[in-house]
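Encoded as structure tokens, the structure appears first; notes follow it.
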Amino acid sequence: MSYKRYHIETKTAPLENAQIFKTIVNRADFCINCGICQTACPYDVHERNPDYRSIKGSGVRGQGSEKENTSSFVPHPSPLTPHPFSWIDLPQMASPKNANCTTCFHCVNECPVGALSLAANPDYKTHGDDYYQTQKVEAILFEAKTGRVPVSGAGYRGPFAGKGFDGIWTDMSEIVRPTRDGIHGREWISTAVYLGRRPKRLALNGKTQAAPRCRELGVPIIFNQAPPPVNDPELTAILLEAAQAVGTLAIVEGTSWPAGWASPPAIPSFNEKTWLRAPETNPGLLELDFCDIYPEDWLGLLKEAKTRWPQTIIIIKVPLDPKLAYSLVRFAEEGVDAIHLAATPQGTTKEGEHLTSTVKTIDETLVDHGIRDEISIIVSGGIAAADHLPKLILCGADMVAIDVACLIALGITKFSTERGALKLQGPLMIPPKTLGVQRIKNLVGSWRDQLLEILGAMGMRDVVRITGDTGRMMLHEDLDKEFRALFPKPPNNWDPTYG
Amino acid sequence: MDNLRQSTATTHNPQPTTSHAPHHAWKKISKWRVGYTNNCIDCGLCVLACPYGVHQRLPGTLKMAAPKNSGCIGPQCESILPDNYCVKQCPYDAITVTPNEEFEALGDPRYTPDLLASLWHMAEYGEAPPEHLYERRIGKSGGGFDLMRFNFKRLRNERPTSRDLDNISISLDLNRRAYGSKIKISVPWYGGGMSYGSVSLSVMLARAMAAKAWNTFTSTGEGGYPKELTPYKDYIITQIATGMFGVREETAGWAKIIEIKYAQGAKPGLGGHLLSDKNTPDVARMREAVPYTSLFSPFPFHSVYSVEDHKKHVDWMMTMGGSKILVSAKVSTPTDVDMVAVGCYYGGVHIIHLDGSYGGTGAAPDIAKKNIAMPIEYAIPKVHRFLNEEGIRDEITLIASGGIRNAWDMAKAIALGADGCVIGTTDIVAVNCTRCGNCEKGRGCQHGIASTDPEFTEQISPEWGAQRIINLYNALSLDLKEILWRLGLNSIQELRGRHDLLYYLNDHQ
């Protein structure tokens, strides 16, 4: 058996219609077609359009018809035109390629007649919504396109802090132990996690111990079913193939479970309506969706499932709710292998409490009852950026299940997730399968690399070591409280515009 | 050599000359656009009304010239100068004042368009822009420095005379220990490390010239010591990091301060990384590396695993640089930043340089910039208090960096407990950085700042850049003095740790 390091194959996978740009360059009608902007721009925003020629010699924009004359140089008839190049009949400047623009203002400054201007793109804000903000959508599209870690210069440029994920900073270690290299070190940082039940200790009483019901995944990311109304077999096929390729799993609607998969990367999911159509044979992994059932009935169903599929890794999906923490302890004791905590697409409980604090509460309750290490916790809903992954793991999740992020990676950027429901604007356009699979692979590869950055900064070599390690994160809430205590309270009539 | 050090140590309070230094291509992007409709009868009432000279007649005629947009303070004029508001003064309602879209396309919540434009104004003219033109005290990040306000003793409409400002001292002693040379810088800030390769030689030279003019320092960053910088060697800090790029005993011997970079704010715990495209043959020669390969300066120092190791490290620097040298430890801001600072002190350093997570000048992964380590605002009081409790606060100089944008941020950082600041981004904004954030792209910065591409770098001449930075420093020092004057303080030392002079607003205020 040869040793092989876990690796995600990434390669550029551009998607034509998935381009978002912040600014647009406007070319006014009085552009003299001199081409100075073309030399000024290092990023090829301004180029000539060889098929689109000015009316010969006039310098006026218009569709030319004399393609055969492309090499002719005709003097400009008007001596008043100021620019020295204007006697050359060059192809017309094409409309600016806004996607390349980096807002450096070079073309605006160098245009001799002031025909160019920049403005904020009105379309920019229409991608995503107030939770999946355009910057996040933009980052996911970049990650899915290139598989690289987004890098930029000149410091952080966003808001100071926010609620939930934005109120967490992860720790770093100034000097690390001799055995631990940083991110560029020789030592391997592992992102492998286990899904399922692990026995607390080896049984040494002579009895044969049952093999642990768990599965190793290369990354702490699995794919979740897209929230309703999205239910598309093409999407499922893409997610299954991507899951296979990166060594992870995809949760799929149970009734459409593809029995053809030899070693399924699929986790079939059944709810109370589809329960009876579940396969008799051992599916390996199974998710029971309890989100629409009263908690009192959960235990009975779980017991029934345990007797029906004794060898199967059983995951129960429950709504994210801190009040359910004690029930979850009971399930863990009754033999459930993994718990899937489903938040709303905006990353909150139904009451609007944020994901991070709730996951922390549930994790702490399970730890207090001494059962946390035996089961896995999957968290889904509202995972919209690479930094959410390490932060949720620090809060106590073993892995995350991503859904809307996959849709964005596939170029679906116009939607809203208000009031807990996904609403698409326009039809669902799923890209061709190979392209789609590559984009999902790129996304996972990029998020994994970013997870490595966080782990490297902490001097940790194993992602399982930081699960629930709340000491390695700094909360804005705590720091701000301590900080605020330093200052006196301003008097009521005090003017904040002076000072 | 020692005589030279002594002589520069005693000269302070220089008055470098400021002069107008416009950008050769940069047109001013005004905040407001003023326009005349066809109703205009060229009566000229607006010319009389506007104190900012926005409206002017064409010379020698009665016709109105195109409005000078850059002076306009916008619709707030109506409440501030009700008798001078041209829109209301015009008898034919022929004047429109609208926001300029181009201006709004600049900047981000931390460096708002107003902040950028005010820094450019300072770099061009050497003085602050007119009051009301820009909101230049704070940004819009909604936290940290942007929520802090001074509780000034003087009233808003009081103005300091130039003598008032001259009497205020803003110089800073960098060495408070019993050993090493005594170095006093004339302004309470110095330039942060930007390496040859991450920025162009012209920018390095410009910063060094400005540092000399203002009797302060600039840092080489981790990319070697280009020989062009030797005339300014008394104003240059040599930075040493794990890659040891271009570090030679001779250059370390030239330095008056050696900075050990344990971690940096923008990518704490990740080390340095020069992308392959920016490693041009010149850069590679300096770094003794192969051209066009990615150069890593890996985290961490494998010679430093404890405070004892750190002490050995500092001793090594002192052996290399002579007994007069000062050693600075640049560290990032993890949870235990206070313990790290105390460890640095016991290792024998003179300066502890805290680099907060929101700063950084070169390219860094977005995830690291936003999420790893805490912002500098929270770290300063933590460290200040801990050093005080340990009884060692007055033996060490605490320098803060990472998101310090202007004189207000500096004053706030000092009021929180720092002795001085390090600025980096502000310097490069002065040489016309628009913060487009493309420092990492192939050929690098299209303004010739964060690039070693000859075609781009020729846009900046060292002399012009130096003049811009000198102008900026002049404006910053005037602002800082005015803040101290408004607080009723006489020196920057009196401000240290005075967080009782600050208010911290709620998010919604």
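Could you tell me which of the residues A:Pro122, A:Pro112 is in a loop (DSSP other than H, G, I, E, B), closer than 14 Å to A:Ile24 by Cβ and over 14 Å from the mean Cα position of the chain (by Cα)?
Checking each option against the conditions leaves just A:Pro122.
One line per residue, one yes/no per condition, for (1) in contact with a Phe, Trp or Tyr (Cβ under 8 Å, 6 or more places away or on another chain); (2) at negative phi; (3) within 14 Å of chain A (Cβ to nearest Cβ):
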{"site": "B:Gly144", "(1), (2), (3)": "yes, no, yes"}
{"site": "B:Leu147", "(1), (2), (3)": "yes, yes, yes"}
{"site": "B:Leu155", "(1), (2), (3)": "no, yes, yes"}
{"site": "B:Ile168", "(1), (2), (3)": "yes, yes, no"}
{"site": "B:Arg176", "(1), (2), (3)": "no, yes, no"}
{"site": "B:Ser181", "(1), (2), (3)": "no, yes, no"}
{"site": "B:Lys184", "(1), (2), (3)": "no, yes, no"}
{"site": "B:Met194", "(1), (2), (3)": "no, yes, yes"}
Practice task
Those residues that are in contact with a Phe, Trp or Tyr (Cβ under 7 Å, 6 or more places away or on another chain) and at pLDDT below 85, I need them from the stretch B:230-242; list them, please.
Solution key: B:Thr242
Practice task
Starting from residues that are under 32 Å from the mean Cα position of the chain (by Cα) and surrounded by 21 or more Cβ atoms within 10 Å (Cβ to Cβ), keep the ones in the stretch A:24-41 and report whichever is nearest to B:Glu104 (Cα to Cα).
Solution key: A:Val25
Completion exercise
In the stretch B:247-270, residues that are in a loop (DSSP other than H, G, I, E, B) and surrounded by 24 or more Cβ atoms within 10 Å (Cβ to Cβ) total 11
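The rows are residues; the columns are (1) buried (at least 21 other Cβ atoms within 10 Å of the Cβ); (2) not charged (D, E, K, R).
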| residue | (1), (2) |
| --- | --- |
| B:Ala466 | yes, yes |
| B:Ile469 | yes, yes |
| B:Leu484 | yes, yes |
| B:Ser491 | no, yes |
| B:Arg498 | no, no |
| B:Asn506 | no, yes |
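Yes/no matrix, rows are residues, columns are (1) touching a Ser or Thr at 6+ places or on another chain (Cβ under 8 Å); (2) farther than 30 Å from B:Trp26 by Cβ; (3) buried (at least 24 other Cβ atoms within 10 Å of the Cβ); (4) more than 10 Å from every other protein chain (Cβ to nearest Cβ):
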| site | (1), (2), (3), (4) |
| --- | --- |
| B:Ile367 | no, yes, yes, no |
| B:Pro381 | no, yes, no, no |
| B:Asn406 | yes, no, yes, yes |
| B:Ala418 | no, yes, yes, yes |
Practice task
Only one of these is under 27 Å from the mean Cα position of the chain (by Cα) and away from chain A (no Cβ under 11 Å): B:Ala341, B:Ala329, B:Ala255. Name it.
Solution key: B:Ala255
Practice task
Starting from residues that are modelled with pLDDT of 85 or more and away from every other protein chain (no Cβ under 14 Å), keep the ones in the stretch B:258-280 and report whichever is nearest to B:Glu440 (Cα to Cα).
Solution key: B:Glu259
Practice task
Could you tell me whether the stretch B:81-90 includes any residue that is in a helix (DSSP H, G or I) and closer than 26 Å to B:Thr434 by Cα?
Solution key: no
Handout entry: the stretch A:151-170, subset surrounded by fewer than 24 Cβ atoms within 10 Å (Cβ to Cβ) and within 7 Å of chain B (Cβ to nearest Cβ), residue nearest to A:Glu353 (Cα to Cα)
Key = A:Ala161
Practice task
State whether one or more residues within the stretch B:163-176 are within 16 Å of B:Val431 (Cβ to Cβ), surrounded by 16 or more Cβ atoms within 10 Å (Cβ to Cβ) and at pLDDT 90 or above.
Solution key: no
Handout entry: Scan of the stretch A:443-471 for residues that are touching a strand residue (DSSP E or B) at 6+ places or on another chain (Cβ under 8 Å) and within 8 Å of another protein chain (Cβ to nearest Cβ), ordered by number
Key = A:Gln450, A:Glu453, A:Ile454, A:Ala457, A:Met458
Handout entry: Among (1) touching a Ser or Thr at 6+ places or on another chain (Cβ under 7 Å); (2) over 23 Å from B:Arg207 (Cα atoms); (3) in the same structural domain as B:Ser323 (by TED's automatic domain parsing) - the single one B:Gly193 does not satisfy
Key = (2)
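The values are calculated or read from the model by the stated rules, or taken from the named source; none is laboratory data. This one's a predicted model, so the numbers in the text were calculated from it and none came from an experiment. In this analysis, Cβ positions are derived from the backbone assuming ideal geometry, glycine residues included, and neighbour counts consider all displayed protein chains.
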